[in-house]
Amino acid sequence: MRIHHLNCGTACPLGGALFDGRSVGPLGHIVCHCLLIETQAHGLVLVDTGYGLRDVDHPHAVPGKRIPIPWRLMLNIRLRERDTALFQIEALGFRAEDVRHIILTHLDFDHAGGLEDFPEATVHVMQREYDDATRPQTGFVARHRWRARQFDDVVSWRRYGVRGEPWFGFDAVRDLDGLPPEILLVPLPGHTWGHAGVAIRRPDGRWLLHAGDAYFYRGEMRRAHRHCTPGFRAYQRLMEVDRTNRLSNQHRLRILSIEQAGAVTVACAHDAVELERCQAGMPL
């Protein structure tokens, strides 16, 4: 098993270091950290997709805009073909049909935009996330975060509830259909009710947990006291469906990242420093 760390979407919000904690200019740098897993018997497995080619080509086509205009303006989203998962996968010498499975942390527009670039893939997601994303929406955030145009052509879904033994004390979904037992879902509600992390056991025995949007900033993990930039703190509050669950799960992940540092690496979806260190094979 080989894991590639990809950036499948870039945003440059006004505020600089108030978002990413390091920019020296007025604009910040936010990524969409996705994983591409090469398996021997199960083809390529993609964890989240970031933005897709249709997002780049027709982000605001009507009806059913793929990218919500308020979010594109707020985050200053840069839609570029070279950032798409398909472009990067082809650059590695693979084809779209080599991606046989896509596992989603959740269905927000910046995580699911590339689903339709891989029409032969089976898409794995929590049942609650699918139900919430496909029902009529009320409220400003709910009406904008899930974009049906990004996934209405998907034909092969696998939807799950909790099943199997817990994972480091967390609920888990084991034995995902058609996938090796080294890959499982870890429900982490709060950002959305159906939000989940994706845990992968690497050949060296260590685990990598892609925590999705359970946290946004590197200072929220691997230290006793949480530190988050004002921009990311405000954005997490804007997007949460339940603060108690979000902060509780984030706290549990923080403890995991400290007490199991030798066994588990935890990374989120949007911190550029975490992505860079993962790509370089450096400790977080």
If you take the residues of the range 18-44 that are open to solvent by 40 Å² or more (accessible area, probe 1.4 Å) and among the hydrophobic types (A, V, I, L, M, F, W, C), which of them is farthest from A91 (Cα to Cα)? L18
Residues of the range 212-248 that turn out to be surrounded by fewer than 20 Cβ atoms within 10 Å (Cβ to Cβ) and farther than 14 Å from H270 by Cβ, as a count: 16
Of all residues in the range 224-261, count the ones that are under 20 Å from F19 (Cα atoms) and either of a type in the set (S, T, Y) or not in a helix (DSSP H, G or I) (or both). 7
Within the range 257-271, is even one residue surrounded by fewer than 18 Cβ atoms within 10 Å (Cβ to Cβ) and under 23 Å from T10 (Cα atoms)? no
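So that you can scan it fast, the table gives a plain yes or no per residue for (1) in a loop (DSSP other than H, G, I, E, B); (2) at pLDDT 95 or above:
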| position | (1), (2) |
| --- | --- |
| D177 | yes, yes |
| L185 | no, yes |
| P189 | yes, yes |
| W193 | yes, yes |
| G197 | no, yes |
| P203 | yes, no |
| L209 | no, yes |
| A214 | yes, yes |
Please tell me if V47 is at pLDDT below 95, of a type in the set (V, I, T) and out of contact with any Ser or Thr (no Cβ under 6 Å at 6 or more places or on another chain). no
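The values are calculated or read from the model by the stated rules, or taken from the named source; none is laboratory data. If you're wondering where the values come from, they're calculated on a predicted model, not measured in any experiment. Cβ: placed from backbone, ideal geometry, glycine included. Neighbour counts: every protein chain shown. Side chains included, ligands, DNA and RNA excluded: accessible areas come from the protein's heavy atoms. Shrake-Rupley method; radii C 1.70, N 1.55, O 1.52, S 1.80 Å.
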